[in-house]
Amino acid sequence: MSTMSTVSTELGILTRFEVLSACLLALLPCVGCGKTAESVPSKVSQVGTTEVTAVLEEVRGEFVNRANYDYAFVMKYKVKAVHRGSVEGDTIYVAHYNPQKARSSAADARVPDIGGNVTRFRPGDVHRIALEAPIDDYYMGGIINRYFDEYKGVIYWAVWTDDAQ
Amino acid sequence: MAVFLALSLLAPGAFAQPPASPDIDTLAKEVADKGGLVYGARSENGTWDLFLSRPDGSQRRNITNTPDAEEAAPRFSPNGTRLLYRRMKRGTEINHDKWGFQGELILAGGDGSNPVAFGGEGEYPWASWSPDGRQVVCLFPKGIKVYDLNSNSVTREFARQGIYQQLFWSPDGKWFCGVANNQGESWTVVRVDAASGEVNPARKYQNCTPDWHPDSNHIILSSRPAGQPGARGYGYTQLWMVSGDGAEQQLLYGEDGSHIYGGAFSPDGQYVIFTKGPKDGSGAEEAGAPICIIRTKDTPMITGESVELRKLHPATKSGPVLTLEKGWEPHWAYFLSGEKERRQRKTE
């Protein structure tokens, strides 16, 4: 209540035109943001050779705690739609680099070209992912694969991972 | 020969640190004329340079002295007459985990003379010598390639089998070892049969910096075993020796509170060289860590209080630890001289 009073007092020294102009100017960036977001497609459709929408079915076990050591972590997905390329079956195994980091800050000198807007990995979440395969052709570093005993097929490398809820 | 002459200009022990005990003094004298060490270290110009010294630390001299570049990871050729290493732009932080991808590959004489860039930035990643010193083996995402150094042609190419860093060729030419993803776990040191390409784990879980024992049957490596309570459960990295097939697993050296990296044997296998620092990662991002030498016959050895480590390894030996300057990734060669070297060079 006191804050609102202060604003009223400050506005009192402005003309109606100035107030109206200020309100319109304040609204413009919001309108612009909305248009920009719609007009610039995510990189998820521009990178990788395969693009899917998939449900993160399982994150097996805990992420590892190894300070100073980067790694990729294999997760299990159920594919809902294939937008580009092809995948074998509807269950795929995807490795995400340094999964404890938000995708927007996961890229580094070793792996400069990954990204996305997913901030954390939770089973049940739906992701739109740009993929490459096999992972060994695109990533040379530690891989934690807790599905090794039950699955010997291709491991996909997540290049770009967006939220697709 | 050049290395031998360079080191022969000064008498053994000329610039050595005063020994801390009679045992250490004895060890220093024992190794003083056994070839030389090469390693990266911070120099007065503020960058990483390469240094050559006798194994007792004497006759230390800067063999690159490049204020505009950072040099790291030197390796003598198997007969000690040549060096390879990585050279990076000044200010590049050497990453203990990625250095093989960094900078350009340099080939030089064993004393650092006539350095020549072999390829450009990032090329020939993780290059290491073939047993005859005529080739280098490199590690790429899409496979392992062997290059003939004279023709710069690929003489062989095969799958990397999950190996992602620190690839080394055994002295007998029959094996490779490296750090790999294997059976679902990363940081596994593996052995690859050079003829068949078959791979087997030599030691699983949190291992790196493998190198060959001169017998080509054993691998020295750094390992941080699980279940250590120290460092809030993170544990400390120890030096281990394993047989290539993984059947034998033996602690060589450890000390709770220290991380041991860059292990290598002297060319005759009688001594072990390594770095010992308080931080994980061997100090590559800073100024390295003290270089240490112990006798192989004194292993397994535990120093310091190391209550937890001694519980796990009650039957250890004791012996002197010769501590030298700070450095990173030291390597040891016994130099040939005179007619023997000329004959060796003719065969190459």
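Just for region B:123-156: of the residues that are farther than 16 Å from B:ASN182 by Cα and within 14 Å of chain A (Cβ to nearest Cβ), which one is modelled with the lowest pLDDT?
Here the answer is B:LYS142.
Any residue at all in region A:38-50 that is part of a helix (DSSP H, G or I), modelled with pLDDT under 95 and surrounded by fewer than 11 Cβ atoms within 10 Å (Cβ to Cβ)?
The answer is yes, given that some residue of region A:38-50 is part of a helix (DSSP H, G or I), modelled with pLDDT under 95 and surrounded by fewer than 11 Cβ atoms within 10 Å (Cβ to Cβ).
Which residue out of A:ARG103, A:ARG122 is open to solvent by less than 20 Å² (accessible area, probe 1.4 Å), within 17 Å of the chain's Cα centre (by Cα) and of a type in the set (Lys, Arg)?
The unique qualifying residue is A:ARG103.
Could you tell me how many of the residues in region A:51-93 are open to solvent by 60 Å² or more (accessible area, probe 1.4 Å), at pLDDT 95 or above and not charged (D, E, K, R)?
Here the count works out to 3.
Could you tell me whether B:GLY40 is in contact with a helix residue (DSSP H, G or I) (Cβ under 9 Å, 6 or more places away or on another chain) and either not in a strand (DSSP E or B) or not aromatic (Phe, Trp, Tyr) (or both)?
no
Of everything in region A:134-165, what is aromatic (Phe, Trp, Tyr) and not in a loop (DSSP other than H, G, I, E, B)? Give them in sequence order.
A:TYR156, A:TRP157, A:TRP160
Strands (runs of 3 or more DSSP E) wholly in region B:69-141 with at least 2 residues that are open to solvent by 10 Å² or more (accessible area, probe 1.4 Å) and over 19 Å from B:TRP332 (Cα atoms) - which ones?
B:82-89, B:135-140
Give the residue that is farthest from A:ASP70 (Cα to Cα), with candidates limited to residues of region B:226-242 that are open to solvent by 10 Å² or more (accessible area, probe 1.4 Å) and without any contact (Cβ under 8 Å) to a residue 60 or more places away in the chain. Give the steps one after another, and end with the answer.
If we filter region B:226-242 for residues that are open to solvent by 10 Å² or more (accessible area, probe 1.4 Å), which is where we start, we get B:226-234, B:236, B:240-241.
Add one more test, that the residue is without any contact (Cβ under 8 Å) to a residue 60 or more places away in the chain, and what stays is B:226-227, B:231-234, B:240-241.
On the way: B:ALA226: 18, B:GLY227: 21, B:ALA231: 19, B:ARG232: 20, B:GLY233: 19, B:TYR234: 15, B:TRP240: 23, B:MET241: 25 Å.
Here the residue is B:MET241.
Given the criteria modelled with pLDDT of 95 or more, open to solvent by 30 Å² or more (accessible area, probe 1.4 Å) and not basic (Lys, Arg), does B:THR323 qualify?
In short, yes.
Are there any pairs with C-beta distances below 8 angstrom linking a residue in region A:54-70 that is within 22 Å of B:TYR164 (Cβ to Cβ) and within 14 Å of another protein chain (Cβ to nearest Cβ) to a residue that is modelled with pLDDT under 90 and open to solvent by less than 30 Å² (accessible area, probe 1.4 Å), with the two at least 6 apart or on different chains, and if so which?
A:ALA67/B:ASP280; A:ASN68/B:HIS96; A:ASN68/B:ASP97; A:ASN68/B:ASP280; A:ASN68/B:GLY281; A:TYR69/B:ASP97; A:ASP70/B:ASP97
Looking only at region A:107-141, count how many residues are within 16 Å of A:ARG60 (Cβ to Cβ) and within 13 Å of chain B (Cβ to nearest Cβ).
The qualifying residues number 0.
The values are calculated or read from the model by the stated rules, or taken from the named source; none is laboratory data. Given the structure is predicted, the values throughout are model-derived calculations rather than measurements. Heads up, the Cβs are rebuilt from the backbone with ideal geometry, glycines too, and the neighbour counts pull from every protein chain shown. Protein only, heavy atoms only, side chains kept; ligands, DNA and RNA dropped before computing areas. Shrake-Rupley method; radii C 1.70, N 1.55, O 1.52, S 1.80 Å.
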